[in-house]
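To keep things clear, I will list the structure first and then write my remarks on it.
Only the coordinates and a few stated rules stand behind these numbers; no lab work does. Bear in mind the structure is a predicted one, so any value in this text is a computation, not a measurement. Quick reminder, even Gly has a Cβ in these numbers, built from the backbone with ideal geometry, and neighbours come from all protein chains shown.
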Amino acid sequence: MYGYIYETTNLINGKKYIGQHKASRFDENYYGSGKILKQALLKEGKEHFKIKIIEECNSQLELNEKEIYYIKKFNAVSNNNYYNIGAGGSSWNNSFNNRPKEERSRIISEANYKRFQNPEERYKNGNAMRGKHHTKESRRKMSLKRSGKNHWLYGKHPSKESIEKNRLAHLGKIASKEIREKISQSLKGKTKGKILTDEHKNLISESMKKYHRLHPEINYATLKNKIAVNDGNRRIYINKEELNMYLEKGFKLGYPKRKEVI
């Protein structure tokens, strides 16, 4: 056997993915390399997916032909029950990977948008895990995958452009009173009365030093140059050029007034 055409199935929502894999034998740990499929695998864990061989092939040419055939047969690109976004075959994969990052992102975004236009699909995806609970072993495995060197973002740092985009995207957004209350309740008692060990203190110190090394432009001097505004409940610090925008949204200069205790 030169390789095989496989079908990966999400056991939570029933979505599938059709792809090809070059191997002399069945690899039970290979679930596919599709962009959207990878996101689902990372989010839900491989333990919630199963894979099976659809057909064995004896050459790369046959792999490409069969992959195109099965994707077309099941209408996997247009069908909301599939993760596929391309027609298959090495030529399509190579042309996709060689396209500019912006174009690849657009194709994936459009595929996701089209998939979730269906209300039933949105409901199915949003309620897939409702009422279900991971086992202790499952939680342990997910913890290992998402921490330390096993995490896909380990060792990576966002660029200044990425940080600025994220800042602008959340600029002016105010969490509702209900969300603030939930956050407050979730944090209560987690640090109260706890004494930090020397090890934890050193870790915090090293983290702060590392942050200042990576972001030398952020320091106490820059914070002093910012302006404090408030919405009546909380205060935030903004740049001078953002003042008019916040005032138009109802913010006031300075700190919020203290509420009288009755």
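Criterion first (surrounded by 14 or more Cβ atoms within 10 Å (Cβ to Cβ) and charged (D, E, K, R)) does Lys35 satisfy it?
It is true that Lys35 is surrounded by 14 or more Cβ atoms within 10 Å (Cβ to Cβ) and charged (D, E, K, R).
Would you call Ser59 more than 25 Å from Asn127 (Cα to Cα), small (Gly, Ala, Ser) and within 27 Å of the chain's Cα centre (by Cα)?
No: the conditions fail for Ser59.
Among the residues of segment 5-32 satisfying the criterion of being of a type in the set (A, V, I, L, M) and touching a helix residue (DSSP H, G or I) at 6+ places or on another chain (Cβ under 6 Å), which is surrounded by the most Cβ atoms within 10 Å (Cβ to Cβ)?
Applying the filter and picking the extreme gives Ile18.
Considering only residues that are without any contact (Cβ under 8 Å) to a residue 12 or more places away in the chain and either at positive phi or surrounded by 15 or more Cβ atoms within 10 Å (Cβ to Cβ) (or both), which ones fall in segment 43-68?
Passing the criteria: none in range.
Of the numbered conditions (1) on the phi > 0 side of the Ramachandran plot; (2) in contact (Cβ under 8 Å) with a residue 60 or more places away in the chain, Ala76 satisfies every one except a single condition; which is it?
(1)
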